[in-house]
Amino acid sequence: MPIRRLSEDMVNRIAAGEVVERPASVVKELVENAIDAGATRIEIVTAGGGASLIRVSDDGGGIGRDDLPLAVERHCTSKLDGGLDDIRSLGFRGEALAAVGAAARLTVTSRRTGADGAWSITVEGGRVGPIEPAALSQGTRIEVRDLFFATPARLKFLRSERAEASAITDVVRRLAMAHPEIRFALSGSDRTALDLPGVTGEDARRARLGDVMGRDFRDNAIAIEAAREGARLAGFAGLPTFSRANSLGQFLFVNGRPVRDKLLLGALRAAYADLMKRDRHPVAVLFIEIEPREVDVNVHPTKADVRFRDSGLVRGLIIGAIREAFAASGPRTSSTAASATIEAFRPAGRPPMRPPSWRPAGYGGGGAAARVMGFAEEAQAAFDIAMPSADVRAVSSDPETVSQPLGAAMAQVHDTYVVAQTADGLVIVDQHAAHERLVYERLKRGMETTGVARQILLIPDIVDLAPDDAARLTERAEDLAALGLVLEPFGPGAVAVRETPSMLGPIDAGALVRDLAEEIAEWERADTLRDRLEAVASRMACHGSVRAGRRLKPEEMDALLREIEATPNASECNHGRPTFIELKLADIERLFGRR
Ligand code: ADP
Ligand code: MG
């Protein structure tokens with residue numbers, strides 16, 4: 001087949017496919033245009049998940065009559081004054097309106113500020129109509145109907161109306177987070193409406209995030225603020241216990257532009273690596289401000305990827321700022337876990353505290369006597385389940401310590417949890433999780449400073465292993481020694497453990513060494529030696545920690561509480577579970593209907 005030049009119409013449709021993937025991408029482009037136009041109010045209406053209608057109206061500067069044909073023509077833009085390496089607007093490619101016009105029925109109606117009338121232009125499947133007078137008091141209104149009618153192949157890839165509608169909501173939420181001063185109103189027959197009033201002032205960003213992300217996030221996130229060599233980072237990072245099973249709770253912005261950039265997402269993951277299980281994902285909203293010349297946004301037509309000139313700087317900024325913020329924030333744990341528990345306790349709906357077969361008096365058939373009897377037996381059965389395992393050991397604690405953040409130890413229950421009284425509530429500590437975290441933090445500190453104290457085994461412990469496991473461990477003997485574990489080869493399939501980290505106490509050296517061999521086998525995945533050693537330390541901590549089920553003396557309990565308070569990152573165990581939860585007196589009072 002001979003080579004032929006594609007018709008302009010065909011070129012436009014091919015290009016349109018890159019910019020306009022689905023209705024949400026249209027909304028993104030149109031809302032970005034409105035933001036670039038200086039709008040203070042942006043209204044979005046959709047129908048049929050955006051496939052039948054998208055209408056975006058703004059009160060921005062508008063488009064002059066003679067510019068209308070250019071606005072819908074490909075490669076025409078009013079935004080590229082400073083060149084490609086100094087982009088200060090969200091748009092710059094001059095492609096979006098042309099792409100939408102090629103794939104749908106597009107009407108642009110606009111009134112330029114100061115002009116004495118409004119004008120409109122229509123494009124249907126790439127055919128541009130005449131400029132016509134229109135009625136509009138201010139700004140621009142873009143209407144898109146029958147998206148993809150001209151490119152039916154694309155139409156087949158649309159998901160359900162609901163899925164497309166919710167993708168649109170997500171796009172609007174992302175853009176709204178970065179622009180709290182603008183009012184966003186999203187409505188339509190295919191959705192529940194979203195109305196975000198514009199907010200200004202110092203706390204505008206936090207207020208907008210609260211409106212968009214919900215109160216839960218605001219209550220379970222800490223503020224991040226850092227700067228390094230001309231790059232600034234601000235935003236909020238969710239507590240490690242406030243994690244999610246996917247990364248949908250991560251919102252990243254570069255100079256006000258929502259991005260889904262691998263480098264940034266990777267940095268976020270690394271910042272939490274130490275605080276969270278591998279299959280959990282942090283929730284965070286981070287805004288990076290950087291000189292436009294230091295970042296290339298022209299990587300992909302959708303502008304969701306960016307390239308930093310100095311990616312190490314940005315990565316370091318994110319990891320450093322988040323880690324420091326958590327280390328400095330002191331003991332805090334997610335409030336949602338506690339409130340969920342309270343919901344479980346509260347006598348509302350079907351009360352979970354009662355045995356499931358319990359019925360209110362008068363329910364169903366049967367005589368009165370039978371009902372009373374039945375209840376008594378069932379109630380007794382419920383106690384029978386609860387009583388035998390209850391083992392509450394009271395502790396007389398120093399009353400002074402009640403004023404400490406984690407309070408005074410009052411009791412150990414089920415040989416697993418330490419209950420403490422605080423000034424305004426009570427704290428329940430998972431002793432194993434807490435101790436594991438403390439040991440881990442101590443190991444890390446030791447590793448960074450003087451080395452980890454070791455204790456010599458009287459008789460070396462010979463551990464049989466698979467030959468490559470043994471080889472792997474002896475290759476790393478020097479790194480392990482820095483963590484307090486001294487071992488040497490003992491024939492082809494064994495190692496001799498001579499010293500162990502003393503803070504772990506008496507441990508099963510065989511189990512530890514086998515576990516570490518497994519960790520080291522995975523080392524290719526971790527990126528730096530430091531990360532690797534931290535992973536080793538984390539495994540070690542697990543071995544040396546006070547197991548659930550060990551009885552603690554009163555002074556051990558108090559010491560545990562005080563050390564949690566004094567240790568950075570101690571609110572979560574190495575697997576991202578909380579090490580303690582707190583119930584406020586007010587919550588307890590609510591349980592008893594006192595409030
Ligand atoms: P880009 O945003 O990359 O410039 P678009 O195709 O999205 O390309 O828009 C083309 C041009 O149309 C813009 O450069 C701008 O001048 C104008 N325009 C589009 N939407 C609006 C709007 N809502 N308000 C004012 N001008 C607009
Ligand atoms: Mg644009």
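The values are calculated or read from the model by the stated rules, or taken from the named source; none is laboratory data. Predicted model, so just to flag it, every value in this text is computed and none were measured. Reconstructed Cβ throughout: ideal geometry from the backbone, glycine too, with neighbour counts over all protein chains shown. Note: accessible area is taken over every heavy atom of the protein model, side chains too, but ligands, DNA and RNA are not part of it. Shrake-Rupley method; radii C 1.70, N 1.55, O 1.52, S 1.80 Å.
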Item to complete: Might you let me know whether segment 43-53 holds any residue that is assigned by TED's automatic domain parsing to the domain that holds I131, within 16 Å of ligand 2 (Cβ to nearest atom) and either without any contact (Cβ under 8 Å) to a residue 40 or more places away in the chain or closer than 28 Å to E289 by Cβ (or both)?
Response: yes
Worksheet, complete the sentence: Within segment 187-210, restricting to residues that are open to solvent by less than 30 Å² (accessible area, probe 1.4 Å) and small (G, A, S), the one that is farthest from G49 (Cα to Cα) is A204
Worksheet item: Within segment 1-48, how many residues turn out to be more than 9 Å from ligand 1 (Cβ to nearest atom), more than 19 Å from K156 (Cβ to Cβ) and assigned to a loop (DSSP other than H, G, I, E, B)?
Response: 8
Worksheet item: In segment 295-306, is there at least one residue being open to solvent by less than 50 Å² (accessible area, probe 1.4 Å), touching a residue at least 24 places away in the same chain (Cβ under 8 Å) and assigned to a helix (DSSP H, G or I)?
Response: no
Item to complete: Just one of (1) within 14 Å of ligand 2 (Cβ to nearest atom); (2) crowded, with 22+ Cβ neighbours inside 10 Å trips up G91, so point out which.
Response: (2)
Worksheet item: Taking segment 62-81 as the search range and keeping residues that are touching a residue at least 60 places away in the same chain (Cβ under 8 Å) and within 14 Å of ligand 2 (Cβ to nearest atom), which one is surrounded by the fewest Cβ atoms within 10 Å (Cβ to Cβ)?
Response: R74
Worksheet item: When segment 481-503 is examined, which residues are found to be open to solvent by 30 Å² or more (accessible area, probe 1.4 Å), within 19 Å of D469 (Cα to Cα) and in contact with a helix residue (DSSP H, G or I) (Cβ under 7 Å, 6 or more places away or on another chain)?
Response: E488, P489, P492
Worksheet item: Which condition does A494 not pass, out of (1) assigned by TED's automatic domain parsing to the domain that holds L457; (2) modelled with pLDDT under 85; (3) aliphatic (A, V, I, L, M), if it passes all the others?
Response: (2)
Discussion item. Pairs needed: first member in segment 196-220, touching a residue at least 40 places away in the same chain (Cβ under 8 Å); second member anywhere, part of a loop (DSSP other than H, G, I, E, B) and among the aliphatic types (A, V, I, L, M); C-beta distance under 7 Å; at least 6 residues apart or different chains.
Written reply: G198/I182; F217/V283; N220/L239
Discussion item. L84 - would you say it is out of contact with any helix residue (DSSP H, G or I) (no Cβ under 6 Å at 6 or more places or on another chain), away from ligand 2 (no atom under 14 Å from the Cβ) and assigned to a helix (DSSP H, G or I)?
Written reply: no
Discussion item. Of all residues being out of contact with any Pro (no Cβ under 7 Å at 6 or more places or on another chain) and polar (S, T, N, Q) in segment 445-501, which is farthest from A327 (Cα to Cα)? Just the residue, please.
Written reply: Q455
Worksheet item: Looking only at segment 274-293, which residues are modelled with pLDDT of 85 or more and within 16 Å of I318 (Cα to Cα)?
Response: H281, P282, V283, A284, V285, L286, F287, I288, E289, I290
Worksheet item: In this structure, is A509 closer than 21 Å to A537 by Cβ, surrounded by fewer than 18 Cβ atoms within 10 Å (Cβ to Cβ), in contact with an Asp or Glu (Cβ under 7 Å, 6 or more places away or on another chain) and not polar (S, T, N, Q)?
Response: no
Worksheet, complete the sentence: Among helices (runs of 4 or more DSSP H) entirely within segment 176-275, at least 3 residues that are closer than 25 Å to S329 by Cβ and in contact with a strand residue (DSSP E or B) (Cβ under 9 Å, 6 or more places away or on another chain) occur in 204-213, 262-272
Fill in: Residue check for E95: more than 8 Å from ligand 1 (Cβ to nearest atom) and of a type in the set (D, E)
no
Worksheet item: Can you pull out the residues in segment 110-149 that are within 24 Å of P23 (Cβ to Cβ) and among the small types (G, A, S)?
Response: S110, S120, G125, G126, G129, G139
Fill in: Pick from segment 55-92, criterion near ligand 1 (Cβ under 9 Å from one of its atoms) and either of a type in the set (D, E) or outside the structural domain of T109 (by TED's automatic domain parsing) (or both), ranking: modelled with the highest pLDDT
D58
Worksheet item: Considering only strands (runs of 3 or more DSSP E) fully contained in segment 112-157, which possess at least 2 residues that are out of contact with any helix residue (DSSP H, G or I) (no Cβ under 6 Å at 6 or more places or on another chain) and buried (at least 17 other Cβ atoms within 10 Å of the Cβ)?
Response: 118-124, 139-145
Worksheet item: In the set V108, V56, V100, which member is open to solvent by less than 20 Å² (accessible area, probe 1.4 Å), within 14 Å of ligand 2 (Cβ to nearest atom) and free of Cβ contacts under 8 Å to residues at least 60 places away in the same chain?
Response: V108
Worksheet entry | R4, sole failed condition from (1) more than 28 Å from the chain's Cα centre (by Cα); (2) surrounded by 19 or more Cβ atoms within 10 Å (Cβ to Cβ); (3) more than 14 Å from ligand 2 (Cβ to nearest atom) | (2)
Fill in: Tally, over segment 7-53, of residues that are on the phi > 0 side of the Ramachandran plot and either surrounded by fewer than 21 Cβ atoms within 10 Å (Cβ to Cβ) or at pLDDT below 95 (or both)
2
Worksheet item: In segment 178-186, is there at least one residue being within 25 Å of R269 (Cα to Cα) and surrounded by 14 or more Cβ atoms within 10 Å (Cβ to Cβ)?
Response: yes
Practice prompt. Might you check whether a residue that is within 18 Å of A517 (Cα to Cα), of a type in the set (G, A, S) and part of a helix (DSSP H, G or I) occurs anywhere in segment 416-437?
Written response: no
